[in-house]
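The values are calculated or read from the model by the stated rules, or taken from the named source; none is laboratory data. Keep in mind it's a predicted model, so treat the numbers as computed, not measured. Cβ: placed from backbone, ideal geometry, glycine included. Neighbour counts: every protein chain shown. To get the accessible areas, we keep the full protein, side chains included, count just its heavy atoms, and leave off ligands, DNA and RNA. Shrake-Rupley method; radii C 1.70, N 1.55, O 1.52, S 1.80 Å.
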Amino acid sequence: MDLTVQTHLAQVFAQYPIEVAHGEGVWLHARDGRKILDFYGGHAVAGLGYGHPRWLAALERQARQMAFQTNALPMAVRERAAARLSKFVGLGLDTVFWINSGAEANENALKLAFKITGRGKVVALQHGWHGRTAAAGAVTWGAIEKWYGFPRRPFDVNFAPRNDPSAVTQFVDGDTAAVIVEPVQGVGGAYEVGKPMLQALRQRCNEVGALLIFDEVQCGMGRTGAPFAANFYGVTPDMITAAKALGNGFPVSALLLSRSVAGQLKNDDMGTTFGGGPMACAVAEAVIDTIESESLLANVREVSSYIRSSCLIGPVTAVQGAGFLLGLKTSRPAKAVQAALLEKNILTGTSADPHILRLLPAYILNESHVDRLSDALSKISA
Ligand SMILES: Cc1ncc(COP(=O)(O)O)c(C=O)c1O
């Protein structure tokens with residue numbers, strides 16, 4: 001890309017120095033000829049990797065059959081994908097509302113919590129990230145100080161410590177409509193909030209009648225090596241939001257509802273033009289189908305433990321997170337390690353924690369790919 005030419009794109013993203021021409025599996029092919037091993041996965045989106053044949057076939061089939069249709073007209077693919085997603089998560093979360101992005105899913109989850117409880121306050125966790133829209137940004141740690149932009153939060157938010165079960169009762173009370181939590185924080189540094197914390201939140205929400213929302217936009221859809229983090233930790237929320245790997249690159253998100261929440265819905269409580277479009281639903285169905293038929297959850301678990309055992313090397317002093325949402329703790333600033341890896345044609349991510357290098361690879365990653373990472377890390381000074 002000739003950077004001297006004026007761009008017509010809004011200048012709001014810091015960008016890595018790679019112009020991607022095409023992708024194949026876990027590999028990125030740059031326009032300058034470099035072949036880059038991708039541990040960043042399009043920011044947790046490319047769960048199946050690039051150009052997966054089942055994903056391509058589902059897109060093509062559905063595009064030819066019917067690319068779009070409004071929710072006012074019933075369609076079998078929409079119904080089938082919802083059944084497939086509910087069965088994938090289990091846990092009695094068997095009603096799906098389809099939307100388009102992670103923030104939109106969280107926005108709707110919060111709105112339902114206000115409507116159902118008639119209360120006006122939300123508890124979020126410190127270092128959590130939930131999106132850029134008015135409600136999602138309001139519950140995102142640090143947003144107000146850094147980029148929020150709206151004149152005020154639309155409701156009251158209290159941020160509880162992210163891993164202190166003993167503090168939960170003090171934050172969550174009879175005025176709380178919802179608690180929203182990423183069970184494994186992504187931007188927060190591939191940080192496990194932990195089972196005791198999730199259990200304490202579940203118990204307190206039950207006690208005071210608040211709704212528990214798991215934002216699984218980044219950590220869900222197989223990334224922990226279980227269908228969702230709710231399955232991984234054995235804690236069932238009232239709502240789960242899913243996006244990113246759900247579409248493997250086709251924009252789609254979902255709000256999964258417990259029977260009790262779903263039972264209180266009325267017409268017009270939520271709505272969308274593009275959500276539940278047949279392309280999005282065909283893709284979500286194909287993604288779940290592929291995860292199951294190619295045993296990708298088992299692969300995530302196995303290769304994740306291989307990363308944990310083989311990548312404690314060079315500047316890496318510890319590994320945190322779960323499955324394929326991992327944080328390599330670095331002795332040097334993570335950005336410097338990231339740049340050194342990129343020179344060796346390996347792409348990784350960073351996070352809000354300056355000493356965490358974030359790995360969000362595709363679920364098809366194998367041990368030979370990890371060997372390339374550990375070899376590259378071993379050549380970077382501590
Ligand atoms: C945990 C989490 N929630 C919500 C979002 C927002 O998703 P979107 O960018 O699709 O609105 C993100 C995006 O990175 C995320 O990581």
Notebook entry, point to check: Residues that are of a type outside the set (A, V, I, L, M, F, W, C): which helices (runs of 4 or more DSSP H) entirely in the stretch 74-153 hold 2 or more of them?
Noted result: 76-89, 102-117, 143-146
Notebook entry, point to check: When you scan the stretch 171-284 for helices (runs of 4 or more DSSP H) that lie fully inside it, which ones turn up with 1 or more residues that are modelled with pLDDT of 95 or more, surrounded by fewer than 24 Cβ atoms within 10 Å (Cβ to Cβ) and within 14 Å of the ligand (Cβ to nearest atom)?
Noted result: none
Check: If you check every pair at least six apart or on different chains, which have Cβ atoms under 9 Å apart with a residue in the stretch 339-350 that is under 10 Å from Ile36 (Cα atoms) first and a residue that is open to solvent by 20 Å² or more (accessible area, probe 1.4 Å) and modelled with pLDDT under 95 second?
Finding: Leu342/Tyr16; Leu342/Pro17; Leu342/Ile18; Leu347/Tyr16; Leu347/Ile18
Check: Do we have any residue at all in the stretch 329-343 that's farther than 23 Å from Thr140 by Cβ, within 22 Å of the chain's Cα centre (by Cα) and aliphatic (A, V, I, L, M)?
Finding: no
Next item on the list: Test Ala44 against the stated conditions and say whether it is within 26 Å of the chain's Cα centre (by Cα), open to solvent by less than 40 Å² (accessible area, probe 1.4 Å) and within 16 Å of the ligand (Cβ to nearest atom).
Entry: yes
Item checked: Subset of the stretch 61-81 (residues that are free of Cβ contacts under 8 Å to residues at least 24 places away in the same chain and either open to solvent by less than 40 Å² (accessible area, probe 1.4 Å) or small (Gly, Ala, Ser) (or both)) -> Ala72, Ala76
Next item on the list: Looking only at the stretch 92-132, count how many residues are out of contact with any Phe, Trp or Tyr (no Cβ under 6 Å at 6 or more places or on another chain), open to solvent by 10 Å² or more (accessible area, probe 1.4 Å) and more than 13 Å from Asp215 (Cβ to Cβ).
Entry: 15
Notebook entry, point to check: Within the stretch 138-157, can one find any residue that is away from the ligand (no atom under 16 Å from the Cβ), surrounded by fewer than 24 Cβ atoms within 10 Å (Cβ to Cβ) and closer than 20 Å to Val208 by Cβ?
Noted result: yes
Checklist line | Residues of the stretch 37-73 classified as assigned to a helix (DSSP H, G or I), under 22 Å from Trp27 (Cα atoms) and not small (Gly, Ala, Ser), total | finding: 6
Next item on the list: Evaluate the stretch 69-77: report whether one residue or more is within 16 Å of the ligand (Cβ to nearest atom), under 24 Å from the mean Cα position of the chain (by Cα) and at pLDDT 95 or above.
Entry: no
